[in-house]
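K.L.:
Here it is, the structure in full.
The values are calculated or read from the model by the stated rules, or taken from the named source; none is laboratory data. These numbers were taken from a predicted model, which means no experiment stands behind them. Because the Cβ atoms are built from the backbone with ideal geometry, glycine has one as well, and the counts that use them run over all protein chains shown.
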């Protein structure tokens with residue numbers, strides 16, 4: 001394609017190109033790029049809505065990185081992602097294997113069903129799970145009652161709140177992971193399995209020798225994207241627990257947001273957000289490159 | 001489609017071999033049973049929380065948190081649904097959010113498809129640079145620019161207008177990338193004759209590319225609609241007049257203000273707010289799976 005373009009070069013359409021790009025470029029410039037530049041700039045200032053800003057060098061970053069609350073929240077975010085992502089991967093893989101082996105109609109019912117929660121808002125999901133976790137009359141306590149376990153104060157218990165919050169996170173995110181997993185699974189040429197079956201390989205052998213190695217990229221993508229997304233979970237703790245009890249669900253973004261709301265000097269929040277951006281943005285850009293470069297190989 | 005041809009009952013002689021070959025009778029029944037259990041588990045896990053939401057919407061005020069726990073309401077009360085539907089504040093919120101979401105979806109399709117077409121087909125100055133900048137915005141974590149975006153819209157005097165909800169997210173690198181993937185796959189021969197006839201780039205876009213874009217436009221419109229309908233934090237930060245309240249904002253403030261006292265009503269409202277989203281998923285299900293394939297993530 002590229003060679004063809006070079007020999008029969010299309011006229012350069014710079015003018016019409018920029019006219020058609022204008023709406024997108026203008027909006028991105030005002031609402032994404034400009035705020036980003038400001039973020040980078042303001043993170044070096046002691047800034048507030050009401051006063052002149054003062055240049056403070058790396059002070060904001062120092063404050064953030066030496067703030068135990070921030071460091072703890074990042075650790076908590078990673079722990080939270082560690083609860084959500086592996087569970088999601090196992091469920092998504094089980095789902096994909098299941099859908100690949102059932103009738104067409106059932107497959108489409110399963111696909112739609114598992115996708116629906118993805119479209120539900122975090123607010124509504126939180127409301128549903130607040131209801132499910134009610135101490136009195138909540139269905140979670142009713143269910144564990146059958147197992148002889150006494151009622152728990154799920155979202156109000158310091159030890160339980162984070163895992164309790166992982167459940168709605170898994171519920172909300174499984175759909176996309178499952179469908180991506182399914183697309184990856186169906187991409188494996190059937191002839192590979194044909195050969196394995198002829199050699200007498202069983203389901204486990206086929207899964208470990210063919211399916212999992214060939215789906216490595218899918219797993220890498222879902223793992224990293226899942227970590228990046230879940231460390232940043234923000235609305236869920238905001239609505240579900242407001243970060244409580246005793247900061248047990250205070251994830252980094254919620255901490256930044258609360259600082260922004262309550263703290264008259266915004267430098268801290270912006271520096272913290274900017275740090276998170278550098279780390280997480282770099283990670284996402286790297287997987288994006290990695291996937292684009294490996295995609296054509298198979 | 002290949003998903004569903006891989007059924008275990010397919011005869012071995014078929015060109016596409018079964019992923020689960022016929023084995024001994026015993027294991028086959030066990031496998032079938034396991035599959036059945038998994039199907040039920042996935043359907044239950046995905047859909048039960050929503051069913052629970054709807055059922056709870058029928059419960060009386062004190063019934064939701066009553067012990068001993070009761071699965072179904074004692075009396076199915078339509079009152080909650082009737083009451084929330086006759087609340088002018090709720091109705092206004094739904095209508096305002098719906099109007100905003102529709103405008104947002106339409107704008108998103110128009111702006112991003114033009115940009116995607118330009119990147120896929122046109123040859124212009126600084127193309128590579130512009131592309132890198134645009135695609136770079138995809139990796140910005142929302143929190144990194146949330147605070148400074150707020151500062152920007154405050155400076156632009158956009159607070160408390162519908163525009164502040166619609167404009168900042170309308171241009172989206174992710175949507176541009178997705179649409180561009182689709183346009184890159186369109187054979188060049190299709191536009192060649194129009195080109196020879198002397199049609200301009202914009203004409204070619206409108207008369208050739210737009211008509212064939214239905215499946216991708218549906219995906220872009222749907223994801224944009226969902227993003228708008230489900231957004232919570234941005235409206236909370238930027239909208240304060242009740243006339244422009246957004247649905248998630250309404251539900252969350254309902255929850256925070258009235259606590260557990262009106263859970264039945266809150267559940268009814270949430271169920272009604274989730275309904276359009278679920279209907280959208282059901283109606284547009286086949287586009288969702290297609291969309292994941294086009295996006296090239298697998």
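K.L.:
For region B:269-279, name all the residues that are within 7 Å of chain A (Cβ to nearest Cβ), surrounded by 18 or more Cβ atoms within 10 Å (Cβ to Cβ) and under 12 Å from residue B:229 (Cβ atoms). Can you show your working first?
P.N.:
First pass over region B:269-279, keeping only residues within 7 Å of chain A (Cβ to nearest Cβ): B:270, B:273-274, B:277-278.
Filter once more, keeping what is surrounded by 18 or more Cβ atoms within 10 Å (Cβ to Cβ): B:270, B:273-274, B:277.
Result: B:273, B:274, B:277.
K.L.:
Hey, does region B:36-51 have a residue that's facing chain A (nearest Cβ under 10 Å), at pLDDT below 70 and over 26 Å from the mean Cα position of the chain (by Cα)?
P.N.:
There is no residue in region B:36-51 that is facing chain A (nearest Cβ under 10 Å), at pLDDT below 70 and over 26 Å from the mean Cα position of the chain (by Cα).
K.L.:
Give region B:207-219 a look and list any residue that's crowded, with 20+ Cβ neighbours inside 10 Å and within 13 Å of chain A (Cβ to nearest Cβ), or say none.
P.N.:
Scanning region B:207-219 gives B:209, B:219.
K.L.:
Test residue B:94 against the stated conditions and say whether it is assigned to a helix (DSSP H, G or I), within 14 Å of chain A (Cβ to nearest Cβ) and either over 30 Å from residue B:221 (Cα atoms) or modelled with pLDDT of 90 or more (or both). Reasoning before the result, please.
P.N.:
Details: assigned to a helix (DSSP H, G or I): yes; within 14 Å of chain A (Cβ to nearest Cβ): yes; either over 30 Å from residue B:221 (Cα atoms) or modelled with pLDDT of 90 or more (or both): yes.
Judged against the criteria, residue B:94 is a match.
K.L.:
Looking at the structure I just gave you, is residue B:178 away from every other protein chain (no Cβ under 12 Å), modelled with pLDDT under 95, assigned to a helix (DSSP H, G or I) and crowded, with 21+ Cβ neighbours inside 10 Å? Walk me through it before giving the result.
P.N.:
Numbers: away from every other protein chain (no Cβ under 12 Å): yes; modelled with pLDDT under 95: yes; assigned to a helix (DSSP H, G or I): yes; crowded, with 21+ Cβ neighbours inside 10 Å: yes.
Yes.
K.L.:
Here is a further query. Restricting to region B:134-143, and then to whatever is within 7 Å of another protein chain (Cβ to nearest Cβ) and assigned to a helix (DSSP H, G or I), can you tell me which residue is farthest from the chain's Cα centre (by Cα)? Spell out how you get there, then give the answer.
P.N.:
Let us first name the residues in region B:134-143 that are within 7 Å of another protein chain (Cβ to nearest Cβ), namely B:134, B:137, B:139-141, B:143.
Those still in the list that are assigned to a helix (DSSP H, G or I) too: B:134, B:137, B:139, B:143.
On the way: B:134: 22, B:137: 20, B:139: 19, B:143: 20 Å.
So the residue we want is B:134.
K.L.:
Can I ask one more? Among the residues of region B:144-175, which ones are in contact with a helix residue (DSSP H, G or I) (Cβ under 7 Å, 6 or more places away or on another chain), over 23 Å from residue B:109 (Cα atoms) and more than 11 Å from chain A (Cβ to nearest Cβ)?
P.N.:
Correct list: B:159, B:160.
K.L.:
Consider region B:77-93. How many of its residues are surrounded by 11 or more Cβ atoms within 10 Å (Cβ to Cβ), free of Cβ contacts under 8 Å to residues at least 60 places away in the same chain and either farther than 12 Å from residue B:272 by Cα or in contact with a strand residue (DSSP E or B) (Cβ under 9 Å, 6 or more places away or on another chain) (or both)?
P.N.:
3
K.L.:
Residue B:146: part of a helix (DSSP H, G or I) and under 25 Å from the mean Cα position of the chain (by Cα), yes or no? Working first, answer last.
P.N.:
Details: part of a helix (DSSP H, G or I): yes; under 25 Å from the mean Cα position of the chain (by Cα): yes.
Considered against the rule, which asks whether it is part of a helix (DSSP H, G or I) and under 25 Å from the mean Cα position of the chain (by Cα), residue B:146 comes out as yes.
K.L.:
Output yes when any residue across region B:224-240 is surrounded by fewer than 20 Cβ atoms within 10 Å (Cβ to Cβ), over 30 Å from residue A:134 (Cα atoms) and touching a residue at least 12 places away in the same chain (Cβ under 8 Å), and no when none is.
P.N.:
Yes.
K.L.:
Same structure again: Could you check region A:10-50 and list, in sequence order, the residues that are within 23 Å of residue B:164 (Cβ to Cβ) and part of a loop (DSSP other than H, G, I, E, B)?
P.N.:
Result: A:47, A:48, A:49, A:50.
K.L.:
Here are some residues: A:99, A:64. Which one is more than 9 Å from chain B (Cβ to nearest Cβ), crowded, with 19+ Cβ neighbours inside 10 Å, touching a helix residue (DSSP H, G or I) at 6+ places or on another chain (Cβ under 8 Å) and in contact (Cβ under 8 Å) with a residue 40 or more places away in the chain? Before you say what the answer is, go through the steps one by one.
P.N.:
Working: A:99 fails: more than 9 Å from chain B (Cβ to nearest Cβ).
Result: A:64 is the single residue among A:99, A:64 that is more than 9 Å from chain B (Cβ to nearest Cβ), crowded, with 19+ Cβ neighbours inside 10 Å, touching a helix residue (DSSP H, G or I) at 6+ places or on another chain (Cβ under 8 Å) and in contact (Cβ under 8 Å) with a residue 40 or more places away in the chain.
Conditions (1) over 19 Å from residue A:88 (Cβ atoms); (2) buried (at least 23 other Cβ atoms within 10 Å of the Cβ); (3) in contact (Cβ under 8 Å) with a residue 12 or more places away in the chain, marked per residue:
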position	(1), (2), (3)
A:120	no, yes, yes
A:124	yes, yes, no
A:130	yes, no, yes
A:133	yes, yes, yes
A:144	yes, no, no
A:149	yes, no, no
A:153	yes, no, yes
A:159	yes, no, yes
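K.L.:
Quick check on residue A:106: is it surrounded by 23 or more Cβ atoms within 10 Å (Cβ to Cβ) and either in a helix (DSSP H, G or I) or touching a helix residue (DSSP H, G or I) at 6+ places or on another chain (Cβ under 9 Å) (or both)?
P.N.:
Numbers: surrounded by 23 or more Cβ atoms within 10 Å (Cβ to Cβ): no; either in a helix (DSSP H, G or I) or touching a helix residue (DSSP H, G or I) at 6+ places or on another chain (Cβ under 9 Å) (or both): yes.
Taking the combined requirement at face value, the residue does not satisfy it.
K.L.:
Among B:74, B:63, B:14, which is the only one that is farther than 29 Å from residue A:168 by Cβ, within 13 Å of chain A (Cβ to nearest Cβ), modelled with pLDDT under 85 and assigned to a loop (DSSP other than H, G, I, E, B)?
P.N.:
Numbers: B:74 fails: farther than 29 Å from residue A:168 by Cβ; B:63 fails: farther than 29 Å from residue A:168 by Cβ.
Residue meeting the stated conditions: B:14.
K.L.:
Which of (1) within 11 Å of chain B (Cβ to nearest Cβ); (2) touching a helix residue (DSSP H, G or I) at 6+ places or on another chain (Cβ under 9 Å) is the odd one out, the single condition residue A:59 does not satisfy?
P.N.:
(1)
K.L.:
Here is a check on your reading of the model: is residue B:103 in a helix (DSSP H, G or I) and free of Cβ contacts under 8 Å to residues at least 60 places away in the same chain?
P.N.:
Against the criterion (in a helix (DSSP H, G or I) and free of Cβ contacts under 8 Å to residues at least 60 places away in the same chain), residue B:103 does not qualify.
K.L.:
So for region A:171-190 (the condition being farther than 25 Å from residue B:285 by Cα, in contact with a helix residue (DSSP H, G or I) (Cβ under 9 Å, 6 or more places away or on another chain), without any contact (Cβ under 8 Å) to a residue 40 or more places away in the chain and within 8 Å of chain B (Cβ to nearest Cβ)), does at least one residue qualify?
P.N.:
So far as region A:171-190 goes, yes, one or more of its residues are farther than 25 Å from residue B:285 by Cα, in contact with a helix residue (DSSP H, G or I) (Cβ under 9 Å, 6 or more places away or on another chain), without any contact (Cβ under 8 Å) to a residue 40 or more places away in the chain and within 8 Å of chain B (Cβ to nearest Cβ).
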